[in-house]
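Structure, as structure tokens:
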Ligand SMILES: O=C(O)CCC(=O)C1=CC=C[C@@H](O)[C@@H]1C(=O)O
Ligand SMILES: [Mg+2]
């Protein structure tokens, strides 16, 4: 596989409704799409999950653009690769910048799968024909609005409900939800809004039978989470803290986490995501695939990854219509009774809609060897 050329596009898409977390609110999303071409004219596509502001990790659309244009593409252009695992090796001298690396590596994985006439799921070693999906609901104006939203998504068949919590919108919010939905599979994502000082408050969550509490403490912490897990019955799920297999190994060894939210962009790409999946499977730690409000290309990569066997909990990969009036792939991602069919066609299994992509493109750069 000769890496002949790249096209980097910056897209701007407006989400159907704002998404609010303990960090803030997002509705107009800008992100990068990476297209890579080989010597046969095959195209592979990847999507960066970095936001415009550094509130989830330190990466942004602009830092990604800088890294991809000035460092990552120059390392790959003109190279002959036999497997996408080589991309991470070639990028290893570059510190951090996992979302930038993952966007480029994801495009190479799609290209590799297409060249070998394999679905991306199969190329990764996944066998699931369909995946169970949940829904992540941002902070709402009030409890009645949240209850109405939860009901509407349950009616659509979603198998798991994830809500956001933050100081002042936590115990009573969950109590109110449980009063309306005593048995629904329910989890809360705190996005690092608490500290160990809040241990007694967080212990109150134990009465509600949550599947897990996601990232209650510091975004880069593993040690304090191990102290907190000893106090909680509710399993802790780490998201922001886990950037690599090494982080996952340490968190599991310390007892900091009982579940891991695997996000391709956060861990630097599909190869590392698969290594984390395999390690967690060997150590009895279930994983699920988190979301980053992706458009269709990123959604397609998440679906392929979730076809691996240890993705046993419903993830955040909801359907395209949850986010976008019009997505950038055909067909769009459809959820039927809380399930998404894993494409068996080659590569990501969805066709980039070039007209829609052009419509949303606000910047475009081309690189050849
Ligand atoms: O993509 C989705 O539907 C889930 C989005 C989501 O829950 C998140 C996206 C990005 C940062 C956070 O707010 C949160 C998360 O931590 O999982
Ligand atoms: Mg999270």
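Some points to look at:
- Where a residue in the stretch 234-253 is within 19 Å of residue 55 (Cα to Cα) and in contact (Cβ under 8 Å) with a residue 40 or more places away in the chain and its partner, wherever it lies, is within 16 Å of ligand 1 (Cβ to nearest atom) and in a helix (DSSP H, G or I), with Cβ under 8 Å and at least six apart: 243/98
Residues are listed down the side, and each one gets a yes or a no for (1) under 25 Å from the mean Cα position of the chain (by Cα); (2) part of a strand (DSSP E or B):
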{"position": "158", "(1), (2)": "yes, no"}
{"position": "162", "(1), (2)": "yes, yes"}
{"position": "175", "(1), (2)": "no, no"}
{"position": "183", "(1), (2)": "no, no"}
{"position": "187", "(1), (2)": "yes, yes"}
{"position": "191", "(1), (2)": "yes, no"}
{"position": "199", "(1), (2)": "no, no"}
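- Qualifying residue in the stretch 24-35 (condition: within 16 Å of ligand 1 (Cβ to nearest atom), modelled with pLDDT under 95, over 24 Å from residue 117 (Cβ atoms) and assigned to a loop (DSSP other than H, G, I, E, B)): yes
- Residue within the stretch 23-31 that is touching a residue at least 24 places away in the same chain (Cβ under 8 Å), closer than 20 Å to residue 270 by Cα and crowded, with 22+ Cβ neighbours inside 10 Å present: yes
- Checked against the criterion of being in the same structural domain as residue 141 (by TED's automatic domain parsing), more than 16 Å from ligand 2 (Cβ to nearest atom) and either over 16 Å from residue 287 (Cβ atoms) or surrounded by 15 or more Cβ atoms within 10 Å (Cβ to Cβ) (or both), the candidates 196, 186 yield just one match: 196.
- Filtered residue count, the stretch 1-23, keeping only those that are in a strand (DSSP E or B) and touching a strand residue (DSSP E or B) at 6+ places or on another chain (Cβ under 8 Å): 16
The values are calculated or read from the model by the stated rules, or taken from the named source; none is laboratory data. Predicted, not measured: the structure shown is a model, and the values here were computed from it. Cβ atoms come from the backbone with ideal geometry, glycine included; neighbour counts cover every protein chain shown.
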